[in-house]
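Chemist: Below: one structure in structure tokens.
Derivation of every value follows stated rules applied to the coordinates shown; laboratory data play no part. Bear in mind the structure is a predicted one, so any value in this text is a computation, not a measurement. All Cβ positions, even for glycine, are placed from backbone atoms using ideal geometry, and neighbour counts span all protein chains on display.
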Amino acid sequence: MSSILIIGAERGLGLGLAQTLHAQGWDVTGTALHGADTVELGKVATVSNVDVTLARDIEPLLAAVGTFDVIFMVAGVYGPLHNSVVEATEAELSDIMMTNCFGPIRLVHHLLDRLNSGGTLAVMSSHRASIALNTEPGLKLDLYRASKVALNMLARTIHTDTGLTVLSIHPGWAATAMGTLDGTVEAEMSVEESVTGMAEVLMANMGCGEHRYLDWAGRPLPW
Ligand SMILES: NC(=O)c1ccc[n+]([C@@H]2O[C@H](COP(=O)([O-])OP(=O)(O)OC[C@H]3O[C@@H](n4cnc5c(N)ncnc54)[C@H](OP(=O)(O)O)[C@@H]3O)[C@@H](O)[C@H]2O)c1
């Protein structure tokens, strides 16, 4: 039985992944923010708590969890609706970078020795992190794009420094709170379709020894 730690699993894609992998026989540990509703997560996973932006949450998490075949950093935010680097306040700039990149990467460094031999680190990226694919004019996604590019870059550094398998995964445009901007726009795919695909991608690429940037269907994305 394979084991996974999913950081950010109380709802959305993290919860969907926890449910799907549990149904496939994985041993799942999932984290939620303190005080979050973890009833659904608790049905399929051992539940721990962490806010990825808080250094003080790292030691308690380390004390609560064991070792894993896969660690998947899923937690993330869209940032302010305007998403503009010109309009953003300093707090908005700092929040999205801490939540989507620096916080998760700092946490991963503390969790590296919790990966079993041959283990895999996955980070929830986005096709919006692709510099090569940034060709569509008018998309106001400055902050989100920058945070996910930075996440991919620091995930690459972990691969380069450790030789670990690292997967930067684009889940597709999925119907979560984030994917629908809290129900105001229509996404392209269901959570189930996205997480079923990502589970297959995990199994097909675990332990490959590379840093791969793949979508939910296993297709490589250009950096
Ligand atoms: N949905 C899409 O179409 C799409 C596309 C590309 C990439 N992604 C990425 O997929 C990941 C999951 O997003 P989602 O669509 O499932 O969105 P979601 O439903 O909004 O879920 C985001 C999760 O991250 C958690 N989170 C936010 N800030 C956190 C923090 N500081 N510490 C720990 N957890 C935190 C949230 O906790 P709360 O429930 O407490 O808010 C929530 O569980 C994100 O990294 C996102 O960027 C999503």
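Chemist: If I build a Gaussian network model for the chain, linking alpha-carbon pairs within less than 10 angstrom, which residue out of LEU167, LEU111, LEU121 has the largest mean-square fluctuation?
Modeler: LEU111
Chemist: OK, next. Explain nothing, just compute: Karplus ³J(HN,Hα) = 6.51 cos²θ - 1.76 cosθ + 1.60, θ = phi - 60°, for every residue of segment 97-110 in order, whole Hz, x for Gly and Pro.
Modeler: 5, 5, 6, 8, 10, 5, x, x, 5, 4, 4, 4, 4, 6
Chemist: Can you tell me how segment 137-223 classifies by the Cα gyration tensor, rounded, prolate or oblate, using a/c under 1.5 as the rounded cut?
Modeler: Taking the square roots of the gyration eigenvalues as a ≥ b ≥ c, segment 137-223 is oblate.
Chemist: Net charge near LEU115, counting Lys/Arg +1 and Asp/Glu -1 over other residues with Cβ under 15 Å of its Cβ?
Modeler: Once positives and negatives cancel, what remains is -3.
Chemist: Right, something else. If you take the C-alpha gyration tensor of the chain, multiply each eigenvalue by 5 and take the square root, what semi-axes do you get, largest first, in whole Å?
Modeler: Here the semi-axes work out to 25, 19, 19 Å.
Chemist: If r is the Cβ-Cβ distance from GLU200 to VAL85 and R0 is 41 Å, what FRET efficiency results, to the nearest 0.05?
Modeler: The calculated FRET efficiency here is 0.70.
Chemist: Amide H neighbours of HIS211 under 5 Å, counting only residues 5+ apart in sequence or on other chains, H built in-plane at 1.01 Å?
Modeler: VAL166
Chemist: From the helices alone, meaning DSSP H stretches of at least four residues, give me the mean residue ellipticity at 222 nm for the chain, per-run term -39500 (n - 2.57), in deg cm²/dmol to the nearest 500.
Modeler: -10500 deg cm²/dmol
Chemist: Determine the shape class of segment 10-84: with a ≥ b ≥ c the square roots of the Cα gyration tensor eigenvalues, call it rounded for a/c under 1.5, and otherwise prolate if a/b is greater than b/c, oblate otherwise.
Modeler: Oblate is the answer for segment 10-84, as a/c is 1.5 or above yet b/c matches or exceeds a/b.
Chemist: Sort out for me the Cα centre separation of segment 24-84 from segment 128-181, rounded to whole Å.
Modeler: 19
Chemist: Sticking with this one: Give, as a single signed number, the net charge of other residues whose beta carbon lies under 13 Å from the beta carbon of GLY66, with Lys and Arg counted +1 and Asp and Glu -1.
Modeler: -2
Chemist: Could you point to the residue in PRO222, LEU17, THR31 farthest towards the positive end of the chain's charge dipole, with +1 and -1 charges on the Cβ of Lys/Arg and Asp/Glu respectively?
Modeler: It is PRO222.
Chemist: For a test of the definition: using alpha carbon positions, the gyration tensor, and the 1.5 limit on a/c, classify segment 72-113 as rounded, prolate or oblate.
Modeler: Taking the square roots of the gyration eigenvalues as a ≥ b ≥ c, segment 72-113 is prolate.
Chemist: At a threshold of 8 angstrom on Cα-Cα distance, excluding pairs fewer than six apart, so keeping six or more, what relative contact order does segment 3-215 reach in percent?
Modeler: Computed over segment 3-215, the figure is 20 percent.
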